[in-house]
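> This structure is in structure tokens; I'll ask about it shortly.
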Amino acid sequence: CWYSLDNGLTNTTITCGNNVTGLTSQEENNTWTVYINNTNGLIGSDSVTFNKDTIVPVVTLNTPTNNSHQNNVQNYSATFEDSSGIVNVTLFIWNSTDGSLINKTNHSIGLLPTNFNYGIEVNLTSDNEYHWGYSTSDSNGLETFSENWTITIDRTLPEIVWYNPIKDSNPITS
């Protein structure tokens, strides 16, 4: 009896009928095969194929930049990476004052890309400071959440108040 963890490139002899323990699988696809032969030289085998994924997706926020001040519609974008493929991304935006959820936009990804940029346009109409970030999950169900970034929305135009001289008054000359 023998087994292989790499499609026959390396074979390890074992005692038939004994359990084999302590084997280590690799990330992503694995095929483990056990072989047996009889006294007539006939060989039988059985295989199991499985996927191992212990690495959570990576999310890198792109725009709007952290701690920025904006006054218009923003495209909240990030880069998503995972070797098994991304299946879902969700944008979250919170009011930084009271922690209330202002926006939650979920997007299911169709083709399971492994590395891509994605953005969701949101129009925040109230002047305030907000925190935002993305959650994502991969094709094996592993989830992660990005760091939170801060954006300040300020649509109020500054006001100029004239004290002295008074606007449109006659200038003083001497």
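The values are calculated or read from the model by the stated rules, or taken from the named source; none is laboratory data. Computed from a predicted structure; not experimentally measured. Methodologically, a virtual Cβ is constructed for each residue, glycine included, from the backbone with ideal geometry; neighbour enumeration extends over all protein chains shown. Only protein heavy atoms, including side chains, enter the accessible area calculation; ligands, DNA and RNA are left aside. Shrake-Rupley method; radii C 1.70, N 1.55, O 1.52, S 1.80 Å.
> Which distance in nm do the two modelled labels at His107 and Thr150 give, with both placed 7 Å along the Cα-to-Cβ direction?
2.7 nm
> Rounded to the nearest 5, what % of the DSSP beta bridges within the chain are antiparallel ones?
Around 95 percent antiparallel, to the nearest 5.
> Also: Can you give the Rg to Rh ratio for region 1-81, taking only C-alpha atoms and Rh from Kirkwood?
With Rh from the inverse mean 1/r over Cα pairs, Rg/Rh is 1.43.
> Ok, one more. Among 106-119, 69-82, how do they line up from the highest to the lowest mean number of other beta-carbon atoms within 10 Å?
Final packing ranking: 69-82, 106-119.
> Compute the accessible area per residue over region 66-121, keeping the other protein chains in place, probe 1.4 Å, unit Å².
Using a 1.4 Å probe on heavy atoms only, each residue of region 66-121 averages 54 Å².
> Taking the chain on its own, what percent of its Cα-Cα pair distances exceed 29 Å?
53 percent
> With a 1.4 Å probe and all protein chains kept in place, how do Trp132, Trp2 rank by accessible area, largest first? Please list the in-between numbers first.
Working: Trp132 0, Trp2 55 Å².
Correct descending sequence by accessible area is Trp2, Trp132.
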